[in-house]
Each structure stands twice: as structure tokens, then as C-alpha cells.
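Peer 1: Here you go, one structure.
The values are calculated or read from the model by the stated rules, or taken from the named source; none is laboratory data. Keep in mind the model is a prediction, meaning the values are calculated, not measured. Don't worry about glycine lacking a Cβ; one is built from the backbone with ideal geometry, like all the others, and counts go over all protein chains shown.
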Amino acid sequence: MSRPFEETPDQIFAREEEPSEGHHLPPKPHRRSVLWVLGAWARKNLFSGVLNTLLTLFCLWLLWETLPPLISWAITGAVWQGDPAACRAAEGACWAFVEDKHRFILFGIYPFDEHWRPLLAMALFVGGLAVSCYPPFWRAWLAGLWAVLLPVCAVLMWGGVFGLTFVSNDQWGGLPLTLILSVVGMVLSFPLAILLALGRRSDLPAIRAVCVGFIEFVRGVPLVSVLFMASVMFPLFLPDGVTIDKLLRAQVGIILFTAAYLAEAVRGGLQAVPRGQYEAADALGLGYWQKMGLIILPQALKISIPPLVNQFISMFKDTSLVIIIGLFDLLTTAKTALSDPQWRPFFVESYTFVALIYWGFCFFMSRYSQFLERKLETGHRRT
């Protein structure tokens, strides 16, 4: 069949490019430049409407006004090394204060020559937490890892063996103390919270009354009161000659306080599990603990991830309240470092340094909780 002369060259080229009958080739992907992709993303997310456009322009103006002065103060005009006189002559931040006082801020009054011990213990502690958060390492031997890691960290902090100088925990402070109080509090309060939540929903009146009374009493008082009772009032009820370590009393108070709040988060997850799941577990003939451990609790804990992590973050920051019982946590050591009259004007740098440390740990917990939600398919979507 002859081609009509009426066809234009573009029509002939398009017809020759079409696959013959019986052959279906996939369409060629349209190559888009990086600028085109960025422009499409901006149109969709930043300039999709009048309000969005106005908010985007306002944010750009705000960044233009604040970011250059902030960079000038924090980086280009900052003093990184030197004495207080050099800092007073400069217009930027005095990071020389952090360089001079960082060991006291991080380790408190721990013996200066022994700072390598809390540093190593802290590195092992954080490394163990990182391994525990990695899903391929969620195995039974992980408990064995912590069974070895915790005694090693305790030996490094206390000493008294293997030629290490004994250091009383009265001299612990800074970041190691904050990590000990927060991480141990999280680990031990979580199983207690599960038991309290189950007890509050128990059919046995006595168990339910005890759990409800404990939860409501502890949630009705501030953490400051709990720490004060644990440090000041509790020793008054002990027999003569019997004492309990101040750090241990503070740790127990934090555990009990956190467990009461976590219990309510877990109870909310238990109530969100459909009733049919309970009935299905009963139909299979499972006992109470089998039903809870295999069917109900896994679903309830997945639902409770956001409030649980929220409480963990809150508790990590609330460890700064232990100053009222004489324990020098990270925030307290940063404040104490400013007692030097020469460095006192540079309190902003001290609190900024500590705030970045707190933010780093809290941001990690927040992002890790979102990772868990996606991995466990709890309905979380990336925004």
C-alpha cells in the first residue's frame, strides 16, 4: 500500500517509529533534569496555593534575616581558642569556653586523670544501644551482650579492681550520670509499666485497686516531690545504721515515676486492640499469659509507640531535676562551669553546647520511633 503524499515528514517519522503489529515495546522513559524535578517538588509543596506561597515567602524572609547573623555569630566571628579577654574583644560566640570547660561539663567532678574511664564506659554504653536498635541484632544473644556490657561499664566507673582507682558515685556527674539515670530508668520502668497496665485491667479487684492507686498517686505528684521523698524522707524510715545510696534512691524514684506514666500509654494500646483478638485467643485455648504475650501485647505495644517514646524523651530531659538531691547531671555541670567569674558572661555558649547534646539524643529517639512504626506497619507515613 503506497504512502499518501499528503503526509508530512513529522507524521511519517512518527508512523515509522510505531512498533509493528504483535510487538508491544515499553514506552521510553522521559528523562527529566534535576532542576525540573526540584521545580515540580517546589510547585507541589511550597507554591501550591496562595496561602502556601505566602508562608513560603515569609519563611524565606525569616531565614534571610536570621541565618546570616547566626552564622556570623556561631562560626565566622566566633572565638574557638583563647582566653576570656579574647572572647570579650570578639563579636561572635566564645567557643573557647567550651574548649576550656568541656571536660568538667561532660564528666563533672570525676577525677581529672581518670576521665578516660567514663569516656570509655559512655562509648560502650552508646555502642550497645546502637547495636540494640539495629533489627538484625534483635536476637536472644542480645541479652547476653548487655549482661557483659553492664558489668564492664560498672567496673570502669567504680574501679577498685584490676588496678583501677575506686571512685565513689558521689563523684559521678555530667553526661555519664544523665545516661545512667535515663537509660536504666527506661529499661526497668518499661516492664513494670506493662505489669501495671495489665493489673489495672485485671478482673481481680485487689490487684486492680493496687495498680490504680499506685498509678493515680504517682501521676498526681511532680517528679521533684518523688525525688525529694526518695532522697530526704525515705532514709528517715530506715533503721539506725542502714543507709541506701543516694544515686540508687534517685534511680528508683525515676523508675517508679516513669512506670506510672508508661502504664497509661500501654493501657491505651490495650484498649485499642479489637475485642475479636481477645475472643480469638480464647477460642484457641490460650492461657492468660500466652494470650497477652503472643496475641494482645504485640499489637498494643505497636499502637503505643508514639506515647511511649514521648514519655522516654520527657524522662531523659527530666533527669536534670536530680540537682535538688545533690546529683550533678549534665545541665548542672554546665551551670556550675559558669561559676568561674572570668567565663561567667558566656553562659549562652554553655547552655547551647548542652542543648545540642540533649537535642541529639532526643532527635535520635524520635527518628527511631518513626523507623519502628514503619517497620512494624502501624500506619505511619513519611511526611
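Peer 1: Looking at (1) surrounded by 14 or more Cβ atoms within 10 Å (Cβ to Cβ); (2) of a type in the set (A, V, I, L, M, F, W, C); (3) without any contact (Cβ under 8 Å) to a residue 40 or more places away in the chain; (4) under 18 Å from Tyr368 (Cβ atoms), which is the only condition Cys133 fails?
Peer 2: For Cys133, the failing item is (3).
Peer 1: A further question follows. Residues of the stretch 163-179 being touching a residue at least 60 places away in the same chain (Cβ under 8 Å) and either within 24 Å of the chain's Cα centre (by Cα) or farther than 30 Å from Leu356 by Cβ (or both), which ones?
Peer 2: Within the stretch 163-179, Trp172, Gly173, Gly174, Leu175, Pro176, Leu177, Thr178 qualify.
Peer 1: Which of (1) buried (at least 16 other Cβ atoms within 10 Å of the Cβ); (2) modelled with pLDDT of 90 or more; (3) farther than 17 Å from Leu198 by Cα does Leu227 not meet, given it meets every other one?
Peer 2: Status for Leu227: all satisfied but (2).
Peer 1: How about the stretch 20-52: which of its residues are modelled with pLDDT under 75 and hydroxyl-bearing (Ser, Thr, Tyr)?
Peer 2: Ser20, Ser33
Peer 1: Go through (1) modelled with pLDDT under 90; (2) touching a helix residue (DSSP H, G or I) at 6+ places or on another chain (Cβ under 7 Å); (3) under 23 Å from Pro176 (Cβ atoms) one by one and return the number of the condition Tyr351 breaks.
Peer 2: The number of the failed condition is (1).
Peer 1: Also, quick follow-up: If the requirement is being in a helix (DSSP H, G or I) and buried (at least 16 other Cβ atoms within 10 Å of the Cβ), which of these qualifies: Phe347, Phe353, Phe364? Quick ask: steps written out before the conclusion?
Peer 2: On the way: Phe347 fails: buried (at least 16 other Cβ atoms within 10 Å of the Cβ); Phe364 fails: buried (at least 16 other Cβ atoms within 10 Å of the Cβ).
None of the other options fit; the residue is Phe353.
Peer 1: Here is a check on your reading of the model: is Gln277 of a type in the set (S, T, N, Q) and over 20 Å from Leu321 (Cβ atoms)?
Peer 2: Details: of a type in the set (S, T, N, Q): yes; over 20 Å from Leu321 (Cβ atoms): yes.
Criteria met by Gln277.
Peer 1: List every residue pair whose Cβ atoms lie under 6 Å apart, where the two residues are 6 or more positions apart in sequence or sit on different chains, the first residue falls within the stretch 192-206 and is free of Cβ contacts under 8 Å to residues at least 40 places away in the same chain, and the second residue, located anywhere, is outside any loop (DSSP other than H, G, I, E, B) and surrounded by 21 or more Cβ atoms within 10 Å (Cβ to Cβ).
Peer 2: Gly199/Cys211
For every residue, the table says whether it meets (1) of a type in the set (Phe, Trp, Tyr); (2) closer than 30 Å to Pro341 by Cα.
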{"site": "Arg103", "(1), (2)": "no, yes"}
{"site": "Phe107", "(1), (2)": "yes, yes"}
{"site": "Gly128", "(1), (2)": "no, no"}
{"site": "Gly144", "(1), (2)": "no, no"}
{"site": "Phe162", "(1), (2)": "yes, no"}
{"site": "Ser168", "(1), (2)": "no, yes"}
{"site": "Leu192", "(1), (2)": "no, no"}
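Peer 1: Consider only pairs whose beta carbons are under 8 Å apart and that are at least six residues apart or on different chains; among these, list those whose first residue lies in the stretch 313-332 and is over 14 Å from Phe228 (Cα atoms) and at pLDDT below 90 and whose second residue is aliphatic (A, V, I, L, M) and not in a helix (DSSP H, G or I).
Peer 2: Phe328/Ile109
Peer 1: For the stretch 99-119, what are the residues that are of a type outside the set (A, V, I, L, M, F, W, C) and part of a loop (DSSP other than H, G, I, E, B)?
Peer 2: Result: Gly108, Tyr110, Pro111, His115.
Peer 1: Let me ask something else. Would you confirm, using the coordinates I've provided, whether Leu372 is within 25 Å of the chain's Cα centre (by Cα), surrounded by 15 or more Cβ atoms within 10 Å (Cβ to Cβ) and in a helix (DSSP H, G or I)?
Peer 2: Judged against the criteria, Leu372 is a match.
Peer 1: What about Thr333, is it in a helix (DSSP H, G or I), of a type in the set (Val, Ile, Thr) and farther than 23 Å from Pro191 by Cβ?
Peer 2: It is true that Thr333 is in a helix (DSSP H, G or I), of a type in the set (Val, Ile, Thr) and farther than 23 Å from Pro191 by Cβ.
Peer 1: Then there is this: What are the residues in the stretch 239-255 that are buried (at least 17 other Cβ atoms within 10 Å of the Cβ) and not polar (S, T, N, Q), if any?
Peer 2: Lys246, Leu247, Arg249, Ala250, Gly253, Ile254, Ile255
Peer 1: In the stretch 290-305, which residue that is crowded, with 17+ Cβ neighbours inside 10 Å and closer than 16 Å to Glu279 by Cα is farthest from the chain's Cα centre (by Cα)?
Peer 2: Filtering the stretch 290-305 for residues crowded, with 17+ Cβ neighbours inside 10 Å gives 291-292, 295-297, 299-305.
When the remaining residues are screened for being closer than 16 Å to Glu279 by Cα, the result is 291-292, 295-297, 299-300.
Working: Lys291: 31, Met292: 27, Ile295: 28, Ile296: 26, Leu297: 23, Gln299: 22, Ala300: 21 Å.
Only one residue fits best here, namely Lys291.
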